[in-house]
Amino acid sequence: MADKLKFHKPVTPTLRGRVSLIRHTESIEETPHRDRKLKRMINKSPGRSLGMVTVRHKGGGARRYYRVIDFKRDKLNIKAQVVAIEYDPNRNVSIAKLNFVDGEKRYILCPEGLAVGDIVESSENAPIKAGNALPLSRIPLGTPIHNIEINRGAGGVIVRSAGTAAQVLSKEEDGRYVQVKLPSTELRRVLSECFATIGQLANMQYRNTKIGKAGRSRHMGIKPSVRGIAQDPHSHPHGGGEGRSGIGMPHPKTPWGKNAMGKKTRRRNRTDRYILSRRKK
């Protein structure tokens, strides 16, 4: 069952323009949402380090439990049944609860088309169907994939957002690397031994939702942002002045007073060795 968008009637100002996503949830468990090993309370200190603000515009938000997601898919050659599809407040994609034949339960990201009662597994010889995890060397060309590893055994780190999917484009002759096209259109080389999960992630309509009011952003832990020229001189280098004034300096600066004109922000320890073509700008 696909997710649907709900367009609200503007019976209140906060509902005017709001578009919500009706997520499909289902379970065959007698007592769902009660696995304590799969949930942890989040000790919040958003955007703070030793009490100081290190990332702006973060704070507050509703209390929520963190769902422990199995990004590694390291339980090999053991089949599991999907017993529930649940909502996760920490991400924009739904999650599926797996019940393995040995009794262990884990959460994974839910791909489109995965239903309660389906059987999934992580194996080098697993069939090519949604929810199964295989090495990139065993995945046919053109197959949509998500939750892709970059370092073997470290767990999937890319293509984990709602509605996204990468594509296996080609396999190099030496068999060591596989070329993967990411949702950003970037073409990247990934080690062929790294695991990835088959399918496109669920909640494809999430990109079309609208929050509708500032209060919902605060519930999500997002604080308001203010333009630098609207602040006072003590708070931002662009601040101060009488009336509607400009930035008051020959070139723009960061909130910490550093020159932002043509400043490269990419980290020095990054490399382009595995990137064959950049995303389209």
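Of note:
- When the Cα gyration tensor is reduced to axis lengths a ≥ b ≥ c, the ratio a/c is 1.5 or higher for the chain, and with a/b not above b/c it is classed as oblate.
- Spread of Cα-to-Cα distances over 10 Å intervals beginning at zero, given as percent, for the range 128-281: 10, 26, 21, 22, 15, 6, 0
- Contour minus Cα-Cα distance for Glu172 and Trp256 (0.36 nm per residue): 25.7 nm
- Cα gyration tensor, the range 35-187 - rounded (a/c under 1.5), prolate or oblate: oblate
- Rounded to the nearest Hz, the phi-derived 3J(HN,Hα) couplings of the range 167-183 under the Karplus curve 6.51 cos²θ - 1.76 cosθ + 1.60 (θ = phi - 60°) are 9, 7, 8, 7, 10, 6, 4, 6, x, 8, 10, 10, 8, 10, 9, 7, x, where x marks glycine and proline.
- Mean-square fluctuations from a GNM of the chain, with a 10 angstrom spring cutoff on Cα atoms, peak among Asp118, Asp74, Asp232 at Asp232.
- Förster radius 45 Å - calculated FRET efficiency between Glu242 and Lys129, Cβ distance, rounded to 0.05: 0.10
- Under 19 Å from Lys79, Cα to Cα: lysines that are on another chain or at least 8 residues apart: Lys97, Lys105, Lys129
- The range 152-228: GluC sites (Glu not before Pro) falling in loop per DSSP and having at most 11 other Cβ within 10 Å: Glu172, Glu173
- Reachable lysines from Lys4, criterion Cα separation under 17 angstrom, eight or more residues apart if same chain: Lys210
- Gaussian network model of the chain, Cα within-10 Å springs - most flexible of Val168, Val53, Val190: Val53
- Scanning residues 5 or more positions from Ile42 or on other chains, those with amide H under 5 Å from its amide H are Arg64, Tyr66, with H placed 1.01 Å from N in the peptide plane.
- Taking the helices alone, the chain has a mean residue ellipticity at 222 nm of -500 deg cm²/dmol, built from -39,500 (n - 2.57) per DSSP H run of at least 4 residues and averaged over all its residues.
- Ellipsoid semi-axes in whole angstrom, largest first, where each is sqrt(5λ) of the Cα gyration tensor of the range 1-43: 32, 17, 9
- Using the Cβ-Cβ distance between Ser225 and Ala115 with R0 = 45 Å, the FRET efficiency computed as 1/(1 + (r/R0)^6) comes to roughly 0.65.
- 3J(HN,Hα) from dihedral phi, the range 210-225, Karplus parametrisation 6.51/-1.76/1.60, rounded to Hz, x for glycine, proline: 10, 5, x, 7, 5, x, 5, 5, 5, 5, 8, x, 9, 9, x, 10
- For Lys44, a cut-off of 22 angstrom between C-alpha atoms picks up these lysines, skipping any fewer than 8 places away in its own chain: Lys58, Lys223.
- Derived scalar couplings ³J(HN,Hα) [the range 237-243; Karplus, 6.51 cos²θ - 1.76 cosθ + 1.60; whole Hz; x for Gly, Pro]: x, 7, x, x, x, 9, x
Bear in mind these aren't lab numbers, they're just calculated from the coordinates by the rules spelled out. It should be emphasised that the depicted structure is a prediction, and the values quoted were computed from it without experimental measurement. Cβ sites come from the backbone with ideal geometry, for glycine too, and all protein chains shown count toward neighbours.
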